[in-house]
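The values are calculated or read from the model by the stated rules, or taken from the named source; none is laboratory data. These numbers were taken from a predicted model, which means no experiment stands behind them. Neighbour counts are summed over all protein chains in view; Cβ atoms, including those assigned to glycine, are modelled from backbone coordinates with ideal geometry. Side chains included, ligands, DNA and RNA excluded: accessible areas come from the protein's heavy atoms. Shrake-Rupley method; radii C 1.70, N 1.55, O 1.52, S 1.80 Å.
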Amino acid sequence: MNVLVIGKGGREHAIVRALSFSQSVNEVHCAPGSDGMKKDSFVHDINVSNLDELQNFLKQKRINLVIIGPENFLVDGLADHIRSFGVDVFGPSKVGARLEASKVFAKQFMQEAGVPTSQFTAVSSVQQTIDAAAKFKAPFVFKADGLAAGKGVAICSTLKELKSVAEKCFEDKVFGDSGKLALLEEFQNGYELSFLILTNGKEYQAMPLAQDHKSLYDGGKGPNTGGMGVVAPIKIDVNLEKEIHEKILKPTVDHINKSGVEYHGVVFVGLMVTKDGPTVIEYNVRFGDPETQTLLPLLDGDWGEVFSDIAKGVVKPLSWKSQCVSCIVLAAENYPAQPVKGVKINGNIQASSAFSYILHAGTKKNEDGDWVTNGGRVINLIGMGSTHGESVGNAYKLCEEINWDGMQLRRDIGAGISKI
Ligand code: AMP
Ligand code: GLY
């Protein structure tokens, strides 16, 4: 089969790379993709939101399956359009994507499904936020309702800080329509895990657990980012894993089924494991970035077949390798606020070893043929090993090969696993 992957980041590079090893796949195409993906796929600079252009492209390249990476396309209903062209799609319908498009909707869904999550109140003005804060204790968790490219969540240690965040959201409208509504929710103490399940909206298969590192700086300090590094698989107590399946994953899929929503894709369940048990922080309707970079290499099988089965609504048992994979993110100067683009990347951008390789997350080749930064998260260093220590070590070894002015990375990826 011929496959089109939609997107251009490290997650999509990981997907095209996995497909390039799939026996079931003839041609791997990517749109809009990036220069760095050209070694693993055919990259096409087409506007996938132009439906005529996309339909012609799918016909011309005889595409059998489309995999949609980023959430914005799913929220806009791209999966429904592609399905109406008669092409299989991995990714939920527009209605299914509401689980990520609206945090208030997701919370109501969790309540209806009986899935444990923190207490919350929906707010739509500064005054409502301040009034509602009386029900909560500091730190206050404030979340813009809609998509905000990972920037819509603020954890405020004082009421004054909360007021300023609410003003930015409701009065300065920094999140546009995504900030017309917001959530104020109870702060949860614990450790975070990313649990991704592949589902047809009725049954599911879980992927191995992964742990992301969301803060910009070592030790969980600094602003929240899209993710600075991941280690997988994370082994947890069998009873806790059973509890997560019974109280969270199964009720989530059962409730999708009950709602009659078309959902052929992945549900990313962001968990907080607290002393009172696991709770759901958020749902995403797409693969995690950079979780995907560590999870795909763990499949003992053919990703082309798995994606195609799920797109057709078929969930089959999956087997996973007993191996560890880590991803270290190299980010641009001033990420996550306003990443500096166009900075020349020095060193060997194609560096690899038997146990490590590089994925392109936000790079491009300029007119002089130099690689430059072109996004917030620029490079993913992937390391493999028989232990977490080995896999992280192999990923970090690649740091010696690459640098640029203002490059940022965390040096403690994987350091907290022993505490789980
Ligand atoms: P979200 O976009 O909802 O995943 O939130 C981004 C990050 O903020 C999460 O990965 C957590 O690190 C943190 N966070 C979100 N909600 C809470 C909460 N209720 N309690 C503690 N931390 C939270
Ligand atoms: N790494 C977290 C996310 O993809 O949202």
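With +1 on the Cβ of every Lys and Arg and -1 on the Cβ of every Asp and Glu, and nothing else charged, how large is the dipole of the chain about its Cα centre, in debye rounded to the nearest 20? Mind showing how you got there, number by number?
Numbers: 44 positive and 49 negative charges, 61 e Å.
Computed charge dipole of the chain: roughly 300 debye.
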Virtual spin-label span in nm between residue 243 and residue 111, 7 Å along Cα→Cβ
2.4 nm
With equal scatterers on the alpha carbons only and no solvent term, can you work out the Debye log10 of I(q)/I(0) for the range 6-64 at 0.18, 0.23, 0.24 1/Å?
-0.59, -0.92, -0.99
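Beyond 21 Å, what share of the Cα-Cα pairs of the range 163-282 is found? Please give it as a whole percent.
Working: 3717 of 7140 pairs.
In whole percent, the share of Cα-Cα pairs in the range 163-282 beyond 21 Å is 52.
Treating only the Cβ of Lys, Arg, Asp and Glu as charged (+1, +1, -1, -1), what charge dipole size does the range 142-245 show about its Cα centre? Round to the nearest 20 debye.
Values: 12 positive and 15 negative charges, 41 e Å.
Charge dipole, the range 142-245, about its Cα centre: 200 debye, nearest 20.
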Please name whichever of 75, 373, 1 sits farthest to the positive end of the charge dipole of the chain, dipole taken about the Cα centre and charges placed at Cβ: Lys and Arg +1, Asp and Glu -1.
75
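Just the number please: accessible area per residue for the range 45-182, 1.4 Å probe, all protein chains included, in Å². Mind showing how you got there, number by number?
Values: 6710 Å² over 138 residues.
Per residue, the range 45-182 has an accessible area of 49 Å².
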For a quick check of understanding: with a 1.4 angstrom probe and all protein chains in place, what accessible area in square angstrom does residue 309 have, to the nearest ten?
30 Å²
Projected area averaged over all directions for the convex hull of the alpha carbon atoms of the range 247-286, nm², comes out at 2.9 nm²
Counting only other residues whose beta carbon sits under 11 Å from that of residue 227, what net charge do I get with K and R as +1, D and E as -1?
0
As an exercise, identify the chymotrypsin sites (Phe, Trp or Tyr not before Pro) in the range 33-110 lying in DSSP coil whose Cβ has no more than 16 other Cβ atoms within 10 Å.
85
Under 10 Å, Cβ to Cβ, from residue 278 - net charge with Lys/Arg +1 and Asp/Glu -1:
-2
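If a/c stays under 1.5 just call it rounded; otherwise compare a/b with b/c (prolate if a/b is bigger, oblate if not). Do that for the chain, with a ≥ b ≥ c from the square roots of the Cα gyration tensor eigenvalues. Mind showing how you got there, number by number?
On the way: a/c = 1.34, a/b = 1.19, b/c = 1.13.
In terms of gyration-tensor shape, rounded.
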Within 12 Å, Cβ to Cβ, of residue 369, how many net charges do the neighbouring residues add up to if Lys/Arg are +1 and Asp/Glu are -1?
-1
Whole-number accessible area per residue in Å² for the range 264-420, which is evaluated in the context of all protein chains at 1.4 Å:
40 Å²
May I ask for the percentage of alpha-carbon pairs in the range 264-365 that lie more than 21 Å from each other?
56 percent
Is the range 170-235 rounded, prolate or oblate when judged by the Cα gyration tensor, a ≥ b ≥ c being the square roots of its eigenvalues, rounded requiring a/c under 1.5 and prolate requiring a/b larger than b/c?
oblate
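How long are the three semi-axes of the equivalent ellipsoid of the range 304-419, in whole Å, if each is the root of 5 times an eigenvalue of the C-alpha gyration tensor, listed from largest down?
Working: eigenvalues 162, 80, 40 Å².
Its equivalent ellipsoid spans semi-axes of 28, 20, 14 Å.
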Give the calculated FRET efficiency between residue 322 and residue 127 to the nearest 0.05, with a Förster radius of 51 Å applied to their Cβ-Cβ distance.
0.40
Expected vector for the range 182-195, Karplus 3J(HN,Hα) from phi with 6.51, -1.76, 1.60 and θ = phi - 60°, integer Hz, x for Gly and Pro, equals 8, 10, 10, 9, 5, 6, 10, 9, x, 10, 9, 9, 9, 10
Tell me the carbon and sulfur percent of the accessible area for the chain, rounded to whole percent, probe radius 1.4 Å.
47 percent
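Relative to 2.2 N^0.38 Å, what does the C-alpha radius of gyration of the range 141-190 come to as a ratio? Two decimals please.
Details: Rg = 10.4 Å, N = 50, 2.2 N^0.38 = 9.7 Å.
Taking N as the residue count of the range 141-190, the ratio is 1.07.
In µm²/s, what is D for the range 295-349 at 10 °C and 1.306 mPa s, where D = kT/(6 pi eta Rh) by Stokes-Einstein and Rh is the Kirkwood radius from Cα pairs? Intermediate results must be reported in sequence, preceding the final value.
Working: Rh = 15.1 Å.
The diffusion coefficient I find is 105 µm²/s.
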Euclidean distance between Cα centres, the range 212-281 to the range 337-402, Å:
27 Å
Connecting every pair of Cα atoms under 10 Å apart in the chain and solving the GNM, the largest mean-square fluctuation among 230, 340, 266 falls on 340
The range 1-146: spread of alpha-carbon positions along the three principal axes, whole Å, largest first, is 58, 30, 28
Report, in debye and to the nearest 20, how large the dipole of the range 117-190 comes out about its Cα centre when Lys and Arg carry +1 and Asp and Glu carry -1 on their Cβ.
100 debye
